[in-house]
1. Mind listing the Cα extents of the stretch 72-142 along all three principal axes, in Å, largest one first?
2. Work out the FRET efficiency for residue 184 and residue 47 from their Cβ-Cβ distance, taking R0 = 60 Å, and round it to the nearest 0.05.
3. Using the Kirkwood formula on the Cα atoms of the stretch 156-288, what hydrodynamic radius do you get, in angstrom to one decimal?
4. Please report, in whole Å³, the volume per residue of the convex hull around the C-alpha atoms of the stretch 392-459.
5. Step by step: find N for the stretch 294-567, compute 2.2 N^0.38 Å, then divide the Cα radius of gyration by it. What's the final number?
6. For 269, 347, what ranking results if the residue with the fewest other Cβ atoms within 10 Å of its Cβ goes first?
7. At a 10 Å Cβ-Cβ cut-off, how would you order 100, 274, fewest neighbours first?
8. Sort 434, 543, 323 so the one with the fewest other Cβ atoms within 10 Å of its own Cβ comes first.
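Bear in mind that the values in this text are calculations on the coordinates, not laboratory data. Since the model is a prediction, treat every value here as computed from it, not as a measurement. Note that we place each Cβ from the backbone using ideal geometry, even for glycine, and neighbour counts take in every protein chain shown.
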């Protein structure tokens, strides 16, 4: 990349008062890229050492400052909580903590959890770096106001990239829409199903007066979910109407999406700026409207202890698993490990190589090679969706999978390695929260590019399960296992801030080295070994299917599936507090 392509888009200083360190942070834009690409450069102002890509991890600065805070102000934090909760201070201890930086309003806050040794309760607390209580909600509102004053409704990287384009140049944009009337959706369900003795409906499920789900027969439940998804689509389109009307009044075509509340359009750069500053009803955020998905590439069953589930009779039978890839596994596939396994695909085309190998890890079951069977080899209900590099196709693929009652959806694809939340992360997060499938995403792999070991999108979301990879040395013993050197692991930023800490990514790891699975290029009986988080993620998707078969009522409770998988992992990076 030549120097003439690079533009210093933004610069700021991060001060660590307790450890007396200062970092200079610069955001560098590739001005000639066809899509927004913003790279971060961190320089230690004392040593002038460039940290990004160097031997020193920038996270050590935040960790050192957080340790210094605990050493100096830990007793004050415990005293604050003891006074607030009216308990003895000697029964409290700090369980975990993180620094949050608000760069535009130039504030730094320590947020932590304090555990009560007797009650078992966990208390949240937030202070400034002198141990004084702060109102986090007020700080977040101030940061949001400062962010909108600078960027309007634009994502920062998109904002800077637009400064390098001609005003008349047309660009595709994705507009995230707010104002979805979820109450209307649930009220309509209550009207449609008066026979269900529910206090109310919440997120498409009947609940009692305490908000607990009411168990109803599976057939009725599935019918309610079908109507719920259709009503939610209507609510998304209704919320998009003001944005659609604004764009069409200017002579521009715009399309509302169903899977999540979004509008896609193609407009001149100058109109993007106008739209960003217009106080338009339900316009929440504006993103660059193109997306570029890329694939993320026999002892597995024993290593992850799937064999114990198999021996108990749980093989994924009856559980529908969704696969979103850059291609499909055709229902007519003749490879004997996947023959009869796929009930539907959203496009009629030849089987994709990457999609087939991922499917093999999940449900493959070749009669002649039982050692290469998938983790949920008993499932014959795979639904396969192709997502092109457009938001319409991604939204359509997700909706198609949900409409076919895919309780688990595997995504072994990646877009960008920037640590800021992207719209594709937001879309999958929304899908889990409102549509209720368990969504499992590959963390991504180091590819020798500028992103390093950053967690790739769409694996940054809060509600999904992000999966990294490790090397099991081709045996089922844990003692000799090692981390896969190319597996992404760097945590995402807290939204709009310059440090990570509110998400530990990946949540879990699975085998990602020398995994033998389906290779359609080697014929109907062909297998080969593959590496990467692409083959690690489907192991966790299949494990989710085994859990759903065992506890059927959690099929629309992805929080429970995620919690069980994380809690049953063999080791953790940060102990019980983590």
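1. Here the Cα extents, ordered largest to smallest, are 41, 23, 19 Å.
2. 0.55
3. About 16.8 Å for the stretch 156-288.
4. 82 Å³
5. Taking the Cα Rg and dividing by 2.2 N^0.38 Å, one obtains 0.91.
6. 347, 269
7. 274, 100
8. Neighbour counts put them in this order, fewest first: 434, 543, 323.
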